[in-house]
Amino acid sequence: MKRVFGAKKNKEPPPTIQDATDRINKRGETVDEKIKKLDAELARYKEQIKKTRPGPAQEAVKARAMRVLKQKRMYEGQRDMMYNQTFNLDQVAFATEGIKDAQQTMSALKSANKELKGMMKTVNISGIDSLQDEMMDMMDMSTEIQESLGRSYNVPDDIDEEELFGELDALEADMGAETESDAIPSYLQPDKEPDLDAELNLPAAPTGNSAVPNRVRPQTEDELGLPTVPHASIRS
């Protein structure tokens, strides 16, 4: 059958915008090269025209220069046309990329919307509200329990200012009494030598050879540990 009707040819895929742009750019480069060659040829003809004298030879050079100039204008027209085609292809490419980006954005939004709807089905707003109310009740109960456990027993709640100052004055008096009681009693203080002459108010001892030297008497103490006062002898 293939020999009779022939095999079906595979169609080539249509060129993309990038392929068309690359092809036009290559053609544009070729045209630019041709224009450069024509410019060099025109410059050479210009020098020849300056060197030759007016006449048939100069006219022949001018005719050649005119022909080259026409070719240059034709190539410049083609180059401008290819530049316009490239510009149009770039605009189409930008628009195509924008549409592709929009399609991807829409696909992402649809997927996110579907996922969000599925997640919202598992969330109950009323359940959240009831959970919050239950948590608030539990916190209030915990506060009441803490206050109840921290309550003091047999402590008056209302104390006026007079009672406060009276209690402070009594406390200050008690502290003063304790300070005085902490002092060393007199009977525990170190012993001091008593001035017997001052206590007995005795006359001064006479001076002379016949005077009897004072004898040091042993000092006695009473039952409390204090020195006893000696009894003065009564002279007739």
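The values are calculated or read from the model by the stated rules, or taken from the named source; none is laboratory data. In this text the structure is predicted, and so the values were computed from the model without any measurement. For neighbour counting, all protein chains shown are included, and Cβ atoms are generated from backbone atoms with ideal geometry for every residue, glycine included. Note: areas computed on protein heavy atoms with side chains; ligands, DNA, RNA excluded. Shrake-Rupley method; radii C 1.70, N 1.55, O 1.52, S 1.80 Å.
List of remarks:
- Solvent-accessible area, 1.4 Å probe, carbon plus sulfur percent, for segment 17-116: 55 percent
- The stretch between residue 74 and residue 105 holds 6.5 nm of extra length on full extension. This uses 0.36 nm per residue minus the Cα-Cα distance.
- If only the Cβ of Lys and Arg carry +1 and only the Cβ of Asp and Glu carry -1, the dipole of segment 17-116 around its Cα centre is close to 960 debye.
- Three-way shape call for segment 17-116 based on the alpha-carbon gyration tensor, with the a/c threshold at 1.5: prolate
- Tensor-based shape of segment 85-131 (alpha-carbon gyration tensor, a/c under 1.5 rounded, otherwise prolate or oblate): prolate
- Here the gap between residue 114 and residue 25, fully extended at 0.36 nm per residue and compared with their Cα-Cα distance, gives a gain of 27.5 nm.
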